[in-house]
Amino acid sequence: MENQYHQRMNPAVLRQKAEAVLRAKAARMSEDGTPLSPEEIRKTLHELRVHQIQLEMQNEELRTAQAEIEAGRARYFDLYDLAPVGYCTVSEKGLLVEANLTASVLLGAARSALIQQPISRFIYKDDQDTYYLHRKRLFKTGQPQTCELRMVKPDGALIAVHLATRIVQTPDLGGSALVVLSDMTERQRLERALVEAKERAESANCAKSAFLANMSHELRTPLNAVLGYAQILLQDQAMGAEQQRSVEAIRRGGDYLLLLINDILDLAKIEADRFELFPAPTDPVSVFEQIAEQFVFRARQKGIAFVMQGLEDLPSALEADDKRLRQVVLNLLGNAVKFTEQGEVRLGLAHRAGTLFVSVSDTGIGISKERIACLFTPYTQEGAKEYKRQGTGLGLAICKALVERMGGTIEVSSKAGRGSRFAFSIPAPSVAPKAESKAQDPGFDRVEGYSRTDGEQTPFSILVTDDLESNRLVLAGLLQPLGFAVIQAEGGEAALQTCRRHRPDLVLMDLVMPDLDGLAATRQLCNEHPKMPVIAVSAHAYAQDLENSRAAGCVDHIPKPVRREELLAVLQQHLPLGWHWSPEHRDETAANADETAPEQPPPEALAALKEALLLGSRSRMTAALETLAKTAPRLAKQMQQGIEGYDYDTVTTQIDDLLPQE
């Protein structure tokens, strides 16, 4: 139907029909000489009017179509001219034969000035070879080509341009090239600005890391004296209970300050992407028992319960970084105890399919829904003012970063006034436990001396090198009571001279000293005395510092503040010696005591155990139990079971019942 309509409305068809009607009428009149009747004339006029109307309608349609074509052409040229990229048509000879307005603006010349000009005229001289190879590949392969080069405007200004070219076939030009020009000047400016901003950020980050490293050194150095002398005083059995409590308070304060320093350094390492994990076979039962020991006493002080579940379900060994695992759990438990005034704190443990699941829940103040979203943001603190004064607001941010670095996830659920629950999971496959070459040694706090195992009778001589006298005296105070001969040197040069004269068995070397630093002194010592072990003792805490000390020749590293157990563990590893333990540790007569004999526990032993329970000192509890076991082994065993189950309240009540009433 549509085709028939178009044929009927076609002007040529209408004209042919009208002419045919007139010829037919004229033929009839010429044949018989009879004129047309009025009726025939009316029909003929009617048909002619109809054809005239049809012609007028067709002309109107043609005019409308022509207007639409012109409007479409105008829109096309608007799009073509105002496109965000420049369009050019280049002949096979390399002449510009067409360009849109954008290309004209980009090249800085009127379109009339561009036509019939070689496009190479606008290519920067140093990039002519690039364009030549680009054009050669285009006509050789027939495939679209791209390149980046610089073009020059008539005023000499340079612009960076991305060229995209393809071949087009036209009747008048044959195989010409359509060239698309994209201005890259602004993009390259932004890229340069981004690179410069990145370099400034990296420089600022390096400056921050250097500042934190220096601040860490400056804070750890005096803290080494505080904690060092606290450890020395705690080994003095002649001190009274009140003095012991005072020194213990000093030690706890120093430990807390050290924790804050470590938190700030950890966050800086995480932000600088310099944080490292060291997974190894770990005894999870031992780890969580030690953690629980710290919080049973703290919870008891606040009058809340501490419950640990699932410990018996853990495997004997897991592959995990036990230091960072402890850090996360200690932080979560610390917050739980801090924000709980009544009820309980619960530590839940589970291990399934190679994954360790840990949850910490409490009945404390809880967290509002609005605050949970920013809970893991650094320097964010919750609770009332009295809580915000405790801590830096870094703990949860570090916990989240550590868990994610270990390949796990952490989540929180809480209701204001109802308590909170933090839960995290990390990959921790079961592994074979580390082989123990000998029985587990008791804590180093009960070491009172040593014997050489190499057959020699003379005491080991240890050279302590540090430019600060307080640091040298701390190490001497920890070593001399055990029978070590301590030699002191106040710098790297003095250490070299002392080693040449005395040939010590081991050197404890500070790394930052004014005259000759510890790294340079260690290199020279290793050259002169290759078999002499050198141990770095440093307040610098970054992994790079450890690598630098090992590269210089140090066989081990002890961080400042120096802890007695770390110091003795390192000495045990690098010197042929065996420790002498306190008499309480050696005495096993209580194990053979008569099971039926009445026990008379001495009041002073019970008082010492009660004091240890109040202080929360595990080592003192062990020592007091050993003393008690000499005269009351059954009672000592019973109380030991209560302590191992963290039932300190029951043990304390039992002691109060046995002590004479005043």
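The values are calculated or read from the model by the stated rules, or taken from the named source; none is laboratory data. Keep in mind that this is a model prediction, so the values were computed, not measured. Please note: Cβ atoms are built from the backbone with ideal geometry, for glycine as well, and neighbour counts cover all protein chains shown. To get the accessible areas, we keep the full protein, side chains included, count just its heavy atoms, and leave off ligands, DNA and RNA. Shrake-Rupley method; radii C 1.70, N 1.55, O 1.52, S 1.80 Å.
Before moving on, here are some points about what is shown:
- Taken over the range 142-263, the ratio of Cα radius of gyration to 2.2 N^0.38 Å equals 2.55.
- Under 17 Å from the Leu133 label point (7 Å along Cα→beta-carbon), backbone N, the range 89-127: 124-127
- Label point of Leu260 set 7 angstrom out along Cα-Cβ; within the range 222-240, amide nitrogens under 16 Å from it belong to 222-224, 226-227.
- Between Val85 and Phe278, the C-beta separation translates, for a Förster distance of 60 Å, into a calculated FRET efficiency of about 0.65.
- Highest mean packing comes first when the peptides 551-558, 89-96, 188-195, 151-158 are listed by Cβ atoms within 10 Å, giving 551-558, 89-96, 151-158, 188-195.
- The calculated Kirkwood hydrodynamic radius for the range 208-350 is 17.7 Å, given to one decimal from all distinct C-alpha pairs.
- Sorting 418-425, 302-309 by their mean Cβ neighbour count within 10 Å, with the most densely packed peptide first, gives 418-425, 302-309.
- Between the range 558-577 and the range 309-383, the Cα center-to-center distance that results, in Å: 31
- Per residue, the accessible area of the range 150-280 comes to 57 Å², computed with a 1.4 Å probe over protein heavy atoms only.
- Positive dipole terminus of the range 94-253, leading residue within Thr221, Cys206, Thr165 (C-beta point charges): Thr165
- Contact order, relative form, for the range 243-368: 23 percent (alpha carbon pairs under 8 Å, 6 or more residues apart, mean separation divided by residue count).
- Inter-label distance, Gln301 to His51: 11.7 nm, where each label sits 7 Å from its Cα along the C-beta direction.
- The calculated FRET efficiency for Thr458 paired with Leu194, based on their beta-carbon distance and R0 = 56 Å, is about 0.25.
- A crude spin-label estimate for the pair Glu611 and Met184, with each label 7 Å from Cα along the Cβ direction, gives 8.0 nm.
- Spin-label pair Leu158/Arg523, simplified geometry with 7 Å Cα→Cβ offset, distance in nm: 4.3
- FRET efficiency estimate (nearest 0.05) - Cβ-Cβ, Glu312 to Trp581, R0 51 angstrom: 0.95
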